């Protein structure tokens, strides 16, 4: 985790990600109703909220996979790494080939590709699995491969979609450690979408709580845990009492 | 974006069903045209992943060899038996070779290969691409700024364009072998007489039509299956729906286009 004090003040003047009044609907259902935030270099923003509140939709909008109905997205870097919830590795390709996909447009020699791929795989502790197929890896190893693929071009923006969902607590901690290590190495602007308490408290510098298509609360993890805001309090303490379930489960 | 048809109250409203079918057909036609245009654009630019194309040649061509062979052989047996029986009755047994080969070169060869490749390859391509859509693998390609059409469709299309004519010729050759065997055993027709009749009947134009049909069939199978695969979202149920849809559409289009080519090239003037 990169603390406020370690972030270069100059790089904080211009956000790498700037989202203004983002609106998005799927049919009649309005998923995002005017969401705005900024993320600076070396900072990790945690987007938390109940299932179906539009967290993953924000990541898809940031990556350009879908177009917003209204609002503005400013990404000040073309290099974006996205770690998918389900890893999204191509099963017909080896780990090496999966990572090489990200390097295709750079037209590197095979040796240069191998050097970069080995470096990234070493970073996530999977050096010996370079020629394995995704189906031969465990869920945690697939997730780490997905990490390595996301950072193969040393992106300035890294997006994590539920990086620890479905993993056991030990592997979740390992994944969170990798996220913190990557953050410290790359000094990228990161967004982590999650509803896992340990993930946002350990990895995020700042969090926003999304509910009903709007940001209901914003602050740092320590403030979140101590917050008396009814939304934040209910979410942080995982209780039934509060406004989050008001609209039904 | 196509998703599975959920149960609704349209069962007693045939007009609504027809309207939905028409809408889906138009949508699929548009998706196919866009996919084909993008595919041709990449081929014209020479942006073809040849190692993957050769792998697809193996998947489409070599792996279809047995099933196309067996189908062509038994279609040839049945067709030759019927033709031999009728021509012997009219005392025209020397024409058996010509009639059998005409049917094989003009119709049976390309359509047999087309149907078998549609069943074996088209369904598997649709299932594979739909699964890739559902598991966000296609999204992963887009995030890495790789066009799924260039990465997934172009190698399959080029491979099918190379292998489908080969499979059609192979189906035709096996059908001819079946014809020779039936003519010899059922009508006592010497092999030389059969082959003489073939030589006198088949023209260069028949082979032009044969290859044209093979290329059209390759285009239908790959473009329809890829377009359906790349535009389906949902869950496991939608993989099955996409596969069925691919089979229905490719088979229908194969027969329709086969007739159109035949009518344009052989219709009496």
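A few points about this structure:
- Taken over segment A:85-125, the criterion of being farther than 18 Å from residue A:154 by Cβ and within 9 Å of chain B (Cβ to nearest Cβ) is satisfied by A:85, A:86, A:87, A:88, A:89, A:90, A:91, A:92.
- Qualifying position, being surrounded by fewer than 16 Cβ atoms within 10 Å (Cβ to Cβ), within 14 Å of chain B (Cβ to nearest Cβ) and modelled with pLDDT under 90, among A:77, A:56: A:77
- Only one of the listed residues (B:92, B:166, B:160, B:126) is modelled with pLDDT of 95 or more and surrounded by fewer than 19 Cβ atoms within 10 Å (Cβ to Cβ). That residue is B:166.
- Where residue A:137 falls short, out of the listed (1) surrounded by 24 or more Cβ atoms within 10 Å (Cβ to Cβ); (2) in contact with a helix residue (DSSP H, G or I) (Cβ under 8 Å, 6 or more places away or on another chain); (3) in contact (Cβ under 8 Å) with a residue 40 or more places away in the chain: (1)
- In summary, helices (runs of 4 or more DSSP H) completely within segment A:44-161 and bearing 2 or more residues that are over 16 Å from the mean Cα position of the chain (by Cα) and closer than 20 Å to residue B:148 by Cβ occur at A:95-101.
- Qualifying position, being at pLDDT below 95 and touching a strand residue (DSSP E or B) at 6+ places or on another chain (Cβ under 8 Å), among B:265, B:232: B:232
- Helices (runs of 4 or more DSSP H) contained in segment B:23-136 and holding at least 2 residues free of Cβ contacts under 8 Å to residues at least 40 places away in the same chain: B:50-60, B:65-89
- Scan of segment A:62-74 for residues that are more than 16 Å from residue A:158 (Cβ to Cβ), in contact (Cβ under 8 Å) with a residue 40 or more places away in the chain and within 14 Å of chain B (Cβ to nearest Cβ), ordered by number: A:66
- Complete set of residues in segment B:178-190 that are under 22 Å from residue B:70 (Cα atoms) and touching a helix residue (DSSP H, G or I) at 6+ places or on another chain (Cβ under 7 Å): B:178, B:179, B:180, B:182, B:183, B:184, B:186
Table: residues versus (1) farther than 30 Å from residue B:83 by Cβ; (2) within 14 Å of another protein chain (Cβ to nearest Cβ).
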position	(1), (2)
B:140	yes, yes
B:149	yes, no
B:155	yes, yes
B:169	no, no
B:172	no, no
B:182	no, no
B:188	no, no
B:192	no, no
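- In the set (1) more than 14 Å from every other protein chain (Cβ to nearest Cβ); (2) at pLDDT 95 or above, the condition left unmet by residue A:140 is number (2).
The values are calculated or read from the model by the stated rules, or taken from the named source; none is laboratory data. Since the model is a prediction, treat every value here as computed from it, not as a measurement. Note that we place each Cβ from the backbone using ideal geometry, even for glycine, and neighbour counts take in every protein chain shown.
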